[in-house]
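Each remark here refers to the structure printed beneath this line.
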Amino acid sequence: MLAPPGLRLLARAWRRGKLQAAAGRALCAAAAEDGPDGPGQQQQQQRPPLEPGLLDILVCPLSKKPLRYEESTNELINEELGIAYPIVDGIPNMIPQAARMIGKENQEK
């Protein structure tokens, strides 16, 4: 019986060591996330900064208005609609369902 093409490619990549190297990199990255006190004790994480050029071209997908970057929460704020888009690993998540509503008292700050 012949193996499906995807399985053959996976087996070939494993034999060449490509998947083993990727698995090793993933394990090293997971170990780096753990703090010196062991698993679960993470060091203070630095949020990746937003690229300065992105703020010039990004607009709210709902209102098409410019966004303001809030460094303390690492979010892009649409003050007109009162919503905040999260930035995950330096990448703005501009999906309206991912945005959170912010109150009027937060906007005045």
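General remarks:
- Residue-level accessible surface for Tyr69, protein heavy atoms, 1.4 Å, Å²: 60 Å²
- Length released on extending from Leu55 to Glu80, taking residue separation times 0.36 nm less the Cα-Cα span: 7.3 nm
- Local charge for Ala84 was computed over the other residues whose Cβ lies under 11 Å away, with Lys and Arg +1 and Asp and Glu -1, and equals -1.
- In the complete set of protein chains, residue-level accessible area for Val88 is approximately 80 Å², probe 1.4 angstrom.
- For Ile83, distant residues with modelled amide H under 5 Å away: Asn78, Ile102
- Theoretical FRET efficiency, 1/(1+(r/R0)^6), r = Cβ-Cβ of Ala98 and Glu71, R0 25 Å, to 0.05: 0.85
- Subtracting the Cα-Cα distance of Asp89 and Lys64 from their residue separation scaled by 0.36 nm leaves 6.6 nm.
The values are calculated or read from the model by the stated rules, or taken from the named source; none is laboratory data. No experiment lies behind these values; they were computed from the predicted model shown. Ideal geometry is used to build each Cβ from the backbone, glycine not excepted, and the neighbour counts take in all protein chains shown. With ligands, DNA and RNA removed, areas are computed over all heavy atoms of the protein, side chains included. Shrake-Rupley method; radii C 1.70, N 1.55, O 1.52, S 1.80 Å.
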